[in-house]
1. Considering (1) modelled with pLDDT under 95; (2) touching a Cys at 6+ places or on another chain (Cβ under 8 Å), say which one Asp95 fails and leave the rest.
2. Having 3 or more residues that are in the same structural domain as Val60 (by the TED database), polar (S, T, N, Q) and modelled with pLDDT of 80 or more is the bar; report the helices (runs of 4 or more DSSP H) wholly within segment 144-230 that clear it.
3. Out of the residues in segment 180-193 that are under 21 Å from Pro140 (Cα atoms) and within 15 Å of the chain's Cα centre (by Cα), state the one that is most open to solvent (accessible area, probe 1.4 Å).
4. Just the residues that are over 16 Å from the mean Cα position of the chain (by Cα), farther than 11 Å from Ala73 by Cβ, of a type outside the set (Val, Ile, Thr) and not in a helix (DSSP H, G or I), please, taken from segment 127-143.
5. Could you list, in sequence order, the residues of segment 29-59 that are modelled with pLDDT under 90, assigned to a helix (DSSP H, G or I) and not aromatic (Phe, Trp, Tyr)?
6. Given (1) under 28 Å from Val161 (Cα atoms); (2) open to solvent by 10 Å² or more (accessible area, probe 1.4 Å); (3) not assigned by the TED database to the domain that holds Ser32; (4) not β-branched (Val, Ile, Thr), where does Pro140 come up short, assuming only one miss?
7. Of the residues that sit in segment 89-99 and are open to solvent by less than 40 Å² (accessible area, probe 1.4 Å) and not in a helix (DSSP H, G or I), which one is nearest to Ser32 (Cα to Cα)?
8. Search segment 62-88 for residues being of a type in the set (D, E, K, R) and surrounded by fewer than 22 Cβ atoms within 10 Å (Cβ to Cβ), and hand back the single one that is farthest from Leu141 (Cα to Cα).
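The values are calculated or read from the model by the stated rules, or taken from the named source; none is laboratory data. This structure is a prediction, so every number in the text was calculated from the model and none was measured. Cβ: placed from backbone, ideal geometry, glycine included. Neighbour counts: every protein chain shown. Note: accessible area is taken over every heavy atom of the protein model, side chains too, but ligands, DNA and RNA are not part of it. Shrake-Rupley method; radii C 1.70, N 1.55, O 1.52, S 1.80 Å.
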Amino acid sequence: MVPVGVEIKETEVSDEDFEEMKGFVRDYLAASVESEEDGGRMRWYPWHSADYRFNHILNVVDLAADIAESEGADADVVRVAAVFHDVAKLEAEQDVHAEAGARVAREYLQSRGNYPESFIEEVCGAVVDHSYTGDLTDVPLESRCLIEADVLDKVGANGAVLMLLRMGYESRTHMDAAKMVDRVLQRANDHTERVVSDTAESIAHQRIKRVKWLREWLEEEVSRMDADGVTER
């Protein structure tokens, strides 16, 4: 007999089931790229590859799970939505990839396992919401956890490295590095202003601190770089 006042959780996603979801998403992303005759949309940028996209998804799953646990959200809804949130990123246009991803998630969840429709609706709703750019207090808690995790993945060391990798594709020299890191800091500050939960805000501040350290080290070690990140002539 369940004690009075104890909430009965309607849906449990086992670790085995979740691993199968991750495998499905990884294979779906790879197939999305392989089906394109030109080798994949923007394949020459590594962060538009299936490998990068899947790694981003795993990062978001971890961040979203931590935020959900701290904020009291339904952890299963959040982590399942997180693993599907960018599943259609490589095959759909940016402005509709969230809706396309929700359709893939719905088809998967309805055809595998015995998930109640209410759970599927919550997951798909969060997947659609993850591209929402408005006030995060206007979306359900589970959607908010996912959105916060998604924006935080490109903040901090990860965001800085991605921006520095971009320099090579744009034929920039290392002396432009401070400018690129400044872009990461600006984006990080913008995202920090947007997040709502104390957990996400704490993660953001930690990551911003790491980028500031990198910026300071660049100024100290690159002799031709002044305080504004502009090379001396």
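1. Here Asp95 meets the rest and fails (2).
2. It comes to none.
3. The residue in question is His191.
4. Gly134, Asp135
5. Within segment 29-59, Ser32, Val33, Glu34, Pro46, His48, Ala50, Asp51 qualify.
6. (1)
7. Among residues in segment 89-99 that are open to solvent by less than 40 Å² (accessible area, probe 1.4 Å) and not in a helix (DSSP H, G or I), the one nearest to Ser32 (Cα to Cα) is Leu90.
8. Of everything passing the filter in segment 62-88, Asp62 is farthest from Leu141 (Cα to Cα).
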